[in-house]
Each structure stands twice: as structure tokens, then as C-alpha cells.
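Right, one structure below, let's go through it.
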Amino acid sequence: MSLELSEQEVFRRESLTRLREMGIDPFPAALYPVDAYSTDIKAEFKDEEPGKQVCVAGRIMSRRIMGKASFMELMDSKGRIQIYVSRDDINTDEQPEMYNTVFKKLLDIGDFIGIKGFVFRTQMGEISIHAQELTVLSKALRPLPIVKYKDGVAYDAFEDPEQRYRQRYVDLVVNEGIKDIFIKRTKIYNSMREYCNSFGYMEVETPILQPIPGGAAARPFITHHNALDIPLYLRIANELYLKRLIVGGFEGVYEFSKNFRNEGMDRTHNPEFTVMEIYVAYKDYHWMMEFTEKMIEKICMDVNGTTDVEISGKTISFKTPFKRVSMIEAIQKHTGIDISGMNEDQLRDVCKKLNIEIDATMGKGKLIDEIFGEKCEKNYIQPTFITDYPIEMSPLSKRHRDNPELTERFELMVNGKELVNAYSELNDPIDQLERFKEQVRLGEKGDDEAMFIDMDFVRSLEYGMPPTSGMGIGMDRLVMLLTGQQSIQEVLFFPQMKPMENKEQRQKNKDKE
């Protein structure tokens, strides 16, 4: 952090010193008795009943300094409200200069204050609070980037995405609508919990540090446990632990899982992300499709009051039921090629014909995944279940009951991206071990996303797991869809960012150039 202070920062520190010299603590520790909020005050105000006493607290966001009386705008956790401040009301015997010195000279935009007073409507018709007591709660030593307008042009707007993500605390204060995204995020979580709980399923917690990263094909982050002197991995998925709980006798379990994958970053990927996974005994993927679509429809209604969402100029409808298309059908429709029954060499020829980049490490599953990702995925804007994946793509999924070359798996595609992944879970321990061994063979070929063999998970299946269906839904992508955002960074409070170079390092880099 730079030690050079701007003129405004120097001025604010001088004001801080003056407040202390006047006997006013600029950072008091005492409880402040807030009993009202801006939006509630406005909603409940009645002209025939003025004068209600309230106690509010928040940031000063603007001021109109006049003679013996002034106005300011206060922002609390719910919104903004106008405050009327009069010299004769807020001056006290202990602080006779509260108005002329403290309020007019030593307080700044961004400072936290408390106001006690009564509610009234101004001659201009604005519901406001007439301040009778003002308390300094926290002095802001840096100025907020408040937008100023001149001749229709905005100045000092806090709009640069990188700066906004690095200083989310400022973004939330000065940019309207940002807080609403995260309020909706919480509502989405609450709605999903309510839905799962209504079936009697139990929310659980499973390990983040794992001896073997399992449950997905992804590159893990690796760390080291000093006391045990062993490597550990940040989880890439919680699937194998949740299925152990089904083995242990729970009928339905779910978890909001913070996962970590050591992969690239773009507008739909962050190395740290959240997935809700649920596993239910005695169910299959057909049941899970219906469960999933009804859950998402409910969430839409709870959060937005409609099943339609607007994003990127498109209207997406989450009204059930969602369309269902098999993966083989999808590939044939969008490429004109029927890949069913093809071996690895034939699939490589298909990729070359379709101008899809591949490499020698890719087996059948990866090749099919590349074909679907490049030629099909982008076409599914409206919610569509893509079903019945080839077995090479799904090492944890049960073989299809009608076709052993396929699995009972679906993914939900929305706006050209995967939102949900689900299976009829593989519960045959012998088959599961062979699938793990095939993953090892892929790893030996150079696939750094291939799964490890988790022998403890295989052992758990040997004790018997009932027929089970599982589903994982990307929470960050769901929030993006339901809030109309096109970048994952917009729905994460603190997305991962490259370290900022300091001035000295930037100069060294320029010198090298």
C-alpha cells in the first residue's frame, strides 16, 4: 500500500486530529442503538402522523451546506434517506460547535454518523429525518469516488472492472445495484435450502482438505500437512464423501461445497467456486431431472417473481418441463455425424474433420467432450437436459439400463453453458474400480485432469450402496443467470485476481522492455 497521501487524505487526517482535540472519539466503541432503517421509514411514513422518533446510522453520501441549517443524504444498510441538520438542534452544552465546526468542517462524505430525530416531509415532498442529535461513529480517511456530473458527462465514476473487483468494499458503497446482486444470491441459497429441506434431506459438511482429490476430472491445488508430513489436496468436488454417507444409511444429503480447481480463469470460471451437491437413495436420473427443474423453477419465482430472466438480450424461460436431448442426438444434429460406436481413432478423425484442436493425451471421453463443447453446447440457450453420456465420459455414473455403452447421466445446459451435472450413481464396486483404473491409464498418457483411485471409496461401495441419484449445480453460474450477469466476477464478493504490481516492479518491467 502506498505511503504517499493525497491532499484529501492529509486533510481528513487533520480533521481526525481536530476531532480528538475537541474530545470527540472518531472511532467510538460504544453500542449505538439503531432502531430504524431508511426504506422502512419511507414505507411506513404517514402524513397524518408526523414526528415519529427514530435512531439511524450510516454513511454521509452528500451534503448541502447552508447557513444555520443544512441537508445531507445518509446511506444505511437498506438504502438512503435525507437528513435535515439545524445548528440550534444539534449543538449541545458539551459541544457548542457541533454544527459549525464538527458537521460543517470536520465531517466528510464517507464518514459514519448516527442520527436521532423525528420523521417529517419537507416542503419539496421528500420524507426526511429532522436531526436532534448527531454522533460521530467512524471517520473515513480515504475519499469515496463519488460520481460528479457536468454537462451530462460522468466524472470520477468507479467503473473499471478490475478496480471494482479488487476493492469490492468501495464498489458496494458507490455503485447502485451491486449490493442487490448479492442479496439475491443469499435468497437463491435460502430458496434451495428450503426446497431440499422440504423433502426431509439433511444438509451436511464434508472435508475440504482431502488425501485424494475425487469426484470430478480436474487439476487440484496441492498443499502439505506438516504434523502428518503428507500432501493434501483442496477438494475439487465433495461427491465421494456424500456417497459414503448414503452407504452409512442417510437417505438424502446435500452440501453447499466450496470447491477449488487449479485451472484457467475466464468470465465463467474462477479457481474457487461453489456447488450444491445432493444425493438421494432409491432414486434415478429420471427422478433427478424432475427434482432439478422444479427446484430451479421455484427459485426463480422466489427470487424474481417470474420464471423468465433477461440476459445478454435474450429471454430465458425456466418454466417446467425442460427439453430433453441425448448427447448422441445433439452431436448428430449439430455436426451431421453419428458418433455412436466409434473408437478412439475414428473420433480423432471426426475432430480433425470438424477442425477441433486435440492432443495425444485425450481418450474417447475427452474427444467426445471436445466435439460437444465446440459444436453443440453454444446452441442450447433455453434450459435443456443433455442425457445419456458415453461411458468414457462418466467414470462415476451407472451404465445405461438399455445401452451398456452409455451412462445414465444428464447435464443441464442454459445460455450455452453447463449449469447442472447429475447421474444415476454407479454403485457396483467392481465396475467402479475398473473405471478408476482406466482413469489412471489416462493419467499415464498425460491427462492431468484424470481421476485418482480412491480405494476407501471403493471399499465403502463394497459394504453396499443402495440405488442412488446425485446432482451438482453450479451456484455461481445460477446466480449469474438469475441476476442477468455475464461474468462470474460480478457475482463473487472477492474473485481471484492477479497480484497488483507496485510502482518499483512496474518500472523494472518497463526497463526490461
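The values are calculated or read from the model by the stated rules, or taken from the named source; none is laboratory data. Source: prediction; values computed, not measured. Cβ placement follows ideal geometry from the backbone for every residue including glycine, while neighbour counts extend to all protein chains displayed. In case anyone asks, the SASA skips ligands and DNA or RNA and just uses the protein heavy atoms, side chains included. Shrake-Rupley method; radii C 1.70, N 1.55, O 1.52, S 1.80 Å.
Output the residues belonging to the range 68-118 that are buried (at least 17 other Cβ atoms within 10 Å of the Cβ), under 31 Å from the mean Cα position of the chain (by Cα) and small (G, A, S).
G110
Would the range 222-242 turn up any residue that is out of contact with any Ser or Thr (no Cβ under 9 Å at 6 or more places or on another chain) and small (G, A, S)?
yes
Could we say that T306 is open to solvent by less than 60 Å² (accessible area, probe 1.4 Å), under 30 Å from I208 (Cβ atoms) and of a type outside the set (D, E, K, R) here?
Criteria not met by T306.
Name the one entry in V170, V147, V153 that is surrounded by 15 or more Cβ atoms within 10 Å (Cβ to Cβ) and either within 30 Å of T101 (Cβ to Cβ) or at pLDDT below 95 (or both).
Sole residue among the options that is surrounded by 15 or more Cβ atoms within 10 Å (Cβ to Cβ) and either within 30 Å of T101 (Cβ to Cβ) or at pLDDT below 95 (or both): V170.
Conditions (1) touching a residue at least 60 places away in the same chain (Cβ under 8 Å); (2) touching a His at 6+ places or on another chain (Cβ under 8 Å); (3) closer than 30 Å to S77 by Cα, marked per residue:
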residue	(1), (2), (3)
T186	no, no, yes
S191	yes, no, yes
L209	no, yes, no
D229	no, no, no
F256	yes, no, yes
F260	no, no, no
T268	yes, no, yes
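Take the conditions modelled with pLDDT under 95 and not aliphatic (A, V, I, L, M) and apply them to Q382. Does it pass?
no
Just to check your reading of the model, which residue among D428, D456, D448 is open to solvent by 10 Å² or more (accessible area, probe 1.4 Å), modelled with pLDDT under 95 and of a type outside the set (S, T, N, Q)?
One residue alone meets the criteria, D448.
Would you please list the contacts, defined by Cβ atoms under 6 Å and residues six or more apart or on different chains, that run from a residue in the range 51-66 that is basic (K, R) to a residue that is open to solvent by 10 Å² or more (accessible area, probe 1.4 Å)?
From residues that are basic (K, R), the pairs are R59/M75; R59/F112; R64/F71.
For the list (1) under 28 Å from the mean Cα position of the chain (by Cα); (2) not in a strand (DSSP E or B), I need the number of the one condition that C351 fails.
It is condition (1) that C351 fails.
Looking only at the range 187-227, count every residue that is among the polar types (S, T, N, Q), within 21 Å of the chain's Cα centre (by Cα) and open to solvent by 80 Å² or more (accessible area, probe 1.4 Å) and tell me the total.
Number of matching residues: 1.
Go through the residues of the range 270-278 one by one and say whether even a single one is open to solvent by 20 Å² or more (accessible area, probe 1.4 Å) and part of a helix (DSSP H, G or I).
No, the range 270-278 contains no residue that is open to solvent by 20 Å² or more (accessible area, probe 1.4 Å) and part of a helix (DSSP H, G or I).
Looking at I453, is it touching a helix residue (DSSP H, G or I) at 6+ places or on another chain (Cβ under 6 Å) and among the β-branched types (V, I, T)?
yes
Would you check which residues across the range 323-347 are closer than 15 Å to D369 by Cβ and either acidic (D, E) or assigned to a helix (DSSP H, G or I) (or both) and list them?
Selection gives M327, I328, A330, I331, H334, T335, E344, L347.
Under 6 Å by Cβ, and 6 or more places apart or on different chains, what pairs join a residue from the range 7-27 that is exposed (fewer than 13 other Cβ atoms within 10 Å of the Cβ) with one that is of a type in the set (G, A, S)?
These pairs meet every condition: F27/S138.
Restricting the search to the range 298-314, which residues are farther than 30 Å from N197 by Cα and without any contact (Cβ under 8 Å) to a residue 12 or more places away in the chain?
Result: G313, single match.
Working carefully through the options T361, T387, T315, find the one that is surrounded by fewer than 18 Cβ atoms within 10 Å (Cβ to Cβ), closer than 30 Å to Q432 by Cα and not acidic (D, E).
T361 is the lone residue from the list that is surrounded by fewer than 18 Cβ atoms within 10 Å (Cβ to Cβ), closer than 30 Å to Q432 by Cα and not acidic (D, E).
Let me confirm something: among E263, E251, which residue is out of contact with any Asp or Glu (no Cβ under 8 Å at 6 or more places or on another chain), open to solvent by 50 Å² or more (accessible area, probe 1.4 Å), modelled with pLDDT under 95 and not aliphatic (A, V, I, L, M)?
E263
Residues being hydrophobic (A, V, I, L, M, F, W, C) and under 30 Å from E293 (Cα atoms): count how many of those fall in the range 416-449.
Matching residues across the range 416-449 total 4.
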